[in-house]
Amino acid sequence: MNDLQTDAGSPIRSFVYALLLVTAVGGMTGRIWTVQSALGKTPLLSANDRSRWATIRTLVDHGTFALDDVIFRDRDRKKRDREWYSIDMVRHRGTDGKEHFYSSKPPLATVIMAGAYWCLQQLTGATLADRPFYVVRSLLLVANVLPLAVYFWLMFRLVERYGRTDWGRLFIAAGAAYGTFLTTFAVTLNNHVWAAVSAAAAMAATLAVWCDGRRRMRYFAAAGLFSAFAVVNELPALSFAAVVAAALAWRSPPRFLSGFLPAAALVAAAFFLTNCWAHGSWSPPYAHRGDGPRVATADGNHLADIQAGRIPPPLGQQLSQAGIGLSAQATVQPRWSGHGWMIWDPQSQTRLAVSADEQSAQAFVWDQWYEYELSYWLDARKTGVDRGEPSRWAYAFHVLIGHHGVFSLTPIWLLSLAGAGIWLVRGESRLRAVAAAVLSLSLVCLAFYLARPLGDRNYGGVACGFRWMFWFAPLWLLVMIPAADAVATRPRWRYAALAMLLISAMSAAYAALNPWSHPWLYEYWSSLGWI
């Protein structure tokens, strides 16, 4: 990127940027150093971050990804440790042939944080079991505050490069520091902060090539590295990485092949290798939600045997021929989901899914990792927003302008829509392409989430906003620039923009001590009886 423009207002703006960065970092640090759980024994705020921290603890302290020794107080797995137990878990067979509990989160980020925890433990002797407050709070400074400080610096540089007015530049800088939910999530270990910071870094590197004509290899490598890392933290960011790849390949195919691709491949390899290390599968846990390959079929009506808990002899023979030997203790049991049956052999720790009707009985490899007796994700056990919004139209309304609304909670994004429109109509060709890309990516990702099945239409669960699109913050701040410059010379519009920033900052601050809580608008509507 170009250096800060040397106009008369540049020194003052640089000073204001520094104030915004320092105060935002100070606020995040203070909140991190006071955060604690509802029970007050750890600083773990929700099932989401407990799932990640439990994996970090068991990986470093016990040398395994299995969570059993951390989330339970007894060997029979009946007494849960409420400070470490999480609903964000799966269960499957481990390398020892027995079933264990694992985090449902992709393991790459967790492995990185486990490395940081190991270093801290070697330096200080502190462990997550003995000194959870010290360890978690220290690591959150590294995991969240430091990346967000870099994020602010990147956004301030981009604002200087593409902004045209003092007022517009400082408005967007203030929005970046206080008007989005990224700083809200600084107090908890999560994927959204890393995804947004990665998107900002990839965007800055790409703009240096696309708009400024830079051809240095480091820009291509940085774009590949960070766009890929955004994907492993937010899967829909794959569309963003594809757009970045296409833009850089268009500008310089040789540097794209030698810079972008190797860096992106490195991240992809790390993602799949850590997943295989943790789960013995190349596919992440969220891909294991159904029955696996069919391994046996027995023709005829075997419902009576199955309903009586017996394995039909023809089915047992088929399984034996397939190399799946079952002991005499193996029985057929109803599935916890209430749909179909399963074969469970406690001696060999073998579990198979079974379906049957009057015509045949079939057995499948058990691949439903989210289904187990303690699972919260069974339809009968889900509560609140996790049950899903039945109406797609209602879901779209609340995602956009309702109780989890992108525009109702953070109305500064309305200026992003206006800014993208300005660049599309009056911007130079390179900026028109940027605006078109951001709008297209936003629509594609929004359509992806609106098209999800009932169980996934849950607004991101209990969270302070529609968290699945938080990673768009740097892209939306970028295209906001022409709109902020346009209102800079219009006093009435400036007041309206400041009101938007006020509401956005209030929404971000409302859940500042625990982002795993409902938005203020949701709580208000609930108090009125509207929800």
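The values are calculated or read from the model by the stated rules, or taken from the named source; none is laboratory data. Remember, predicted model here, so these are calculated numbers, not experimental data. As a convention, Cβ positions derive from the backbone with ideal geometry for all residues, glycine included, and neighbour counts pool all protein chains shown. Please note that ligands, DNA and RNA were not included when accessible areas were found on the heavy atoms of the full protein model with its side chains. Shrake-Rupley method; radii C 1.70, N 1.55, O 1.52, S 1.80 Å.
If Ser442 satisfies every condition in (1) in a loop (DSSP other than H, G, I, E, B); (2) over 30 Å from Ala380 (Cα atoms); (3) of a type in the set (Ser, Thr, Tyr) but one, which is the exception?
(1)
Got at least one residue in the stretch 98-107 being open to solvent by 20 Å² or more (accessible area, probe 1.4 Å), farther than 23 Å from Ala463 by Cα and under 26 Å from the mean Cα position of the chain (by Cα)?
So in the stretch 98-107, the residues open to solvent by 20 Å² or more (accessible area, probe 1.4 Å) come out as 98, 100, 105-106.
Subsequent filtering for residues that are farther than 23 Å from Ala463 by Cα retains 98, 100.
Then drop every residue that is not under 26 Å from the mean Cα position of the chain (by Cα), which leaves 100.
Within the stretch 98-107, one or more residues are open to solvent by 20 Å² or more (accessible area, probe 1.4 Å), farther than 23 Å from Ala463 by Cα and under 26 Å from the mean Cα position of the chain (by Cα).
I'd like to verify a number: residues in the stretch 485-502 that are under 19 Å from Ala177 (Cβ atoms), surrounded by fewer than 19 Cβ atoms within 10 Å (Cβ to Cβ) and either of a type in the set (A, V, I, L, M, F, W, C) or touching an Asp or Glu at 6+ places or on another chain (Cβ under 9 Å) (or both), how many?
Number of matching residues: 3.
Filter the stretch 516-528 down to the residues that are over 18 Å from Phe407 (Cα atoms) and buried (at least 16 other Cβ atoms within 10 Å of the Cβ) and list them by number.
Kept after step one, since they are over 18 Å from Phe407 (Cα atoms), are these residues of the stretch 516-528: 516-517, 526-528.
Across the stretch 516-528, the qualifying residues are Trp516, Ser517.
Tell me which residues, restricted to the stretch 447-488, are in a helix (DSSP H, G or I), farther than 23 Å from Asn190 by Cβ and in contact with a helix residue (DSSP H, G or I) (Cβ under 9 Å, 6 or more places away or on another chain). Quick ask: steps written out before the conclusion?
Taking the stretch 447-488 first, the residues in a helix (DSSP H, G or I) are 447-450, 454-456, 467-487.
If we keep only those that are farther than 23 Å from Asn190 by Cβ as well, we get 447, 454, 479-487.
Hits for the stretch 447-488 are Leu454, Val479, Met480, Ile481, Pro482, Ala483, Ala484, Asp485, Ala486, Val487.
Check whether at least one residue in the stretch 202-212 is among the aromatic types (Phe, Trp, Tyr) and under 30 Å from Ser138 (Cβ atoms), and report yes or no. Spell out how you get there, then give the answer.
Kept after step one, since they are among the aromatic types (Phe, Trp, Tyr), are these residues of the stretch 202-212: 210.
After this cut, where a residue has to be under 30 Å from Ser138 (Cβ atoms) as well, the list is none.
So far as the stretch 202-212 goes, no, none of its residues is among the aromatic types (Phe, Trp, Tyr) and under 30 Å from Ser138 (Cβ atoms).
Can you tell me which of (1) open to solvent by 60 Å² or more (accessible area, probe 1.4 Å); (2) assigned to a helix (DSSP H, G or I); (3) not hydrophobic (A, V, I, L, M, F, W, C) is the one Arg310 doesn't meet?
Tallying (1) open to solvent by 60 Å² or more (accessible area, probe 1.4 Å); (2) assigned to a helix (DSSP H, G or I); (3) not hydrophobic (A, V, I, L, M, F, W, C), Arg310 fails exactly one: (2).
Could you tell me whether Ser281 is within 30 Å of Pro453 (Cβ to Cβ), polar (S, T, N, Q) and open to solvent by less than 40 Å² (accessible area, probe 1.4 Å)?
Working: within 30 Å of Pro453 (Cβ to Cβ): yes; polar (S, T, N, Q): yes; open to solvent by less than 40 Å² (accessible area, probe 1.4 Å): yes.
So Ser281 passes the test.
Condition check: more than 22 Å from the chain's Cα centre (by Cα) and surrounded by fewer than 22 Cβ atoms within 10 Å (Cβ to Cβ). Does Met506 satisfy that? Explain how you work it out, then say what you get.
Details: more than 22 Å from the chain's Cα centre (by Cα): yes; surrounded by fewer than 22 Cβ atoms within 10 Å (Cβ to Cβ): yes.
Answer is yes for this residue.
If you go through the stretch 129-165 one residue at a time, how many are more than 21 Å from Phe226 (Cα to Cα), within 20 Å of the chain's Cα centre (by Cα) and open to solvent by 30 Å² or more (accessible area, probe 1.4 Å)?
Adding up the residues that qualify gives 0.
Out of the residues in the stretch 110-128 meeting the condition of being in contact (Cβ under 8 Å) with a residue 12 or more places away in the chain and open to solvent by 20 Å² or more (accessible area, probe 1.4 Å), tell me which one is nearest to Tyr372 (Cα to Cα).
Among those residues, the one meeting the criterion is Val111.
Matching residues to (1) acidic (Asp, Glu); (2) modelled with pLDDT under 95; (3) part of a loop (DSSP other than H, G, I, E, B); (4) open to solvent by less than 10 Å² (accessible area, probe 1.4 Å):
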{"residue": "Thr180", "(1), (2), (3), (4)": "no, no, yes, yes"}
{"residue": "Ala186", "(1), (2), (3), (4)": "no, no, no, yes"}
{"residue": "Val193", "(1), (2), (3), (4)": "no, no, no, yes"}
{"residue": "Ala200", "(1), (2), (3), (4)": "no, no, no, yes"}
{"residue": "Val209", "(1), (2), (3), (4)": "no, no, no, yes"}
{"residue": "Asp212", "(1), (2), (3), (4)": "yes, yes, yes, no"}
{"residue": "Arg218", "(1), (2), (3), (4)": "no, no, no, no"}
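Between residues in the stretch 151-179 that are over 14 Å from Pro482 (Cα atoms) and residues that are in a loop (DSSP other than H, G, I, E, B) and modelled with pLDDT of 95 or more, which pairs lie under 8 Å by C-beta distance while being six or more apart or on different chains?
Listed pairs, sorted by first residue: Tyr151/Leu182; Ala177/Thr183; Gly179/Thr410.
Which of the residues that make up the stretch 333-352 are surrounded by 15 or more Cβ atoms within 10 Å (Cβ to Cβ) and touching a Lys or Arg at 6+ places or on another chain (Cβ under 9 Å)?
Matches in the stretch 333-352: Trp341, Met342, Ile343, Trp344, Asp345, Thr350, Arg351.
Every residue, every condition in (1) open to solvent by less than 30 Å² (accessible area, probe 1.4 Å); (2) of a type in the set (A, V, I, L, M, F, W, C); (3) over 23 Å from Ala126 (Cβ atoms); (4) over 24 Å from the mean Cα position of the chain (by Cα), yes or no:
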{"position": "Pro11", "(1), (2), (3), (4)": "no, no, yes, yes"}
{"position": "Tyr17", "(1), (2), (3), (4)": "yes, no, yes, yes"}
{"position": "Val22", "(1), (2), (3), (4)": "no, yes, yes, yes"}
{"position": "Gly27", "(1), (2), (3), (4)": "no, no, yes, no"}
{"position": "Asp49", "(1), (2), (3), (4)": "yes, no, no, no"}
{"position": "Arg57", "(1), (2), (3), (4)": "no, no, no, no"}
{"position": "Val70", "(1), (2), (3), (4)": "yes, yes, no, no"}
